[in-house]
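Here's the structure, in structure tokens; my notes come after.
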Amino acid sequence: MKHRRLLISAAAALLLVAAAAVIAILFLNLSGPTAEVRLSPPRSETGGPGGAEGEGGSGPVYAVLRPDTVQFALSAIEKPKSYSCRYTVESFWEGGESATDVTVHLREGLTRVSQKSGSEEKNFLLTPTDYYVWDGDGEVYHGSRGSLLAGPELEQAVRMSGSYEDLLALEPSAILDTGYEPLDGRPCIYVKAETGSLGYVSEYYIAPDTGLLLKNEVRDGERLIYRLLSEEIVLSTPDESEFALPGE
């Protein structure tokens, strides 16, 4: 008799668990279709993909790509510690526009950003704690990255380096759309979000294998006001000379 009561109790518990699972599926829509993005496996020191699945590597990682999960998916991608890239950065305003060629070198925490627009040139060397700025005359300005003097010019240099820290810092409610979209035939993580205090809308195209930004456009309503476009990315360690200050 006691054994029978135990079986009845166990069956009732299983029914409760099944009912809870059904409720979760109905209310959380866990069974609905979701976009997925294949994140990169660990990378080797030469910049290429790591070991294949079943050969000591952990294998590919899959993440559901939704407005409430895309930031986690992006932060989970193992980005290269050293690389070089070239960008074209354009700004548009009422009655005019400008274009800047930007070269970025990154090597173990050091970031060198060179900006050229016409005959003007500006260079930034960023360390985790400091920044150095110089132009064509070779005079170097040095300061702390946490100081007030760093200002918007330093923020612009970080943005032109292909960083999308602003996207990762957003509240999930600011992300309007996300998916897996092609850019010039190359599949990318696509994110559309409302950024800044003026209600601008930014669109990002990010390489799923490296986590590097390939394209960023910012619009004020329907009007394009900013565009960053990757021209070339080299996944190798830049020479130390790229991080030397003038006169060194």
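The values are calculated or read from the model by the stated rules, or taken from the named source; none is laboratory data. Small disclaimer: the values here were computed from a predicted structure and weren't measured. Cβ sites come from the backbone with ideal geometry, for glycine too, and all protein chains shown count toward neighbours. With ligands, DNA and RNA removed, areas are computed over all heavy atoms of the protein, side chains included. Shrake-Rupley method; radii C 1.70, N 1.55, O 1.52, S 1.80 Å.
Observations on the structure shown:
- Rounded Å value of the spacing that divides the Cα centres of segment 154-217 and segment 96-132: 19 Å
- Our analysis of segment 151-248 gives Rg over Rh at 1.02, with the two radii drawn from alpha carbon positions and Rh computed by the Kirkwood formula.
- Carbon/sulfur fraction of accessible area - segment 66-219, other protein chains in place, 1.4 Å, %: 49 percent
- Remark: segment 199-205, residue by residue, has Karplus-estimated 3J(HN,Hα) of x, 5, 10, 10, 10, 10, 10 Hz, where x stands for each Gly or Pro and the curve is 6.51 cos²θ - 1.76 cosθ + 1.60 at θ = phi - 60°.
- Near Leu65, the amide H atoms lying under 5 Å from its own belong to Ala35, Glu36, Val37; only residues 5 or more places off or on other chains count, and H is placed 1.01 Å from N.
- In a DSSP loop and with at most 14 other Cβ atoms within 10 Å, the GluC sites (Glu not before Pro) in segment 103-149 are Glu108, Glu139.
- Leu183 long-range amide H proximity, modeled H, under 5 Å: Cys188
- Excluding same-chain neighbours fewer than eight residues apart, the lysines reachable from Lys215 by a Cα-Cα span under 28 Å are Lys79, Lys81, Lys116, Lys122, Lys192.
- For Tyr226, nonlocal amide neighbours, meaning residues 5 or more places apart or on other chains whose placed amide H falls under 5 Å from its own, are Phe92, Val218.
- Using θ = phi - 60° in the Karplus curve 6.51 cos²θ - 1.76 cosθ + 1.60, the 3J(HN,Hα) couplings for segment 128-133 round to x, 10, 10, 9, 10, 10 Hz; x is entered for Gly and Pro.
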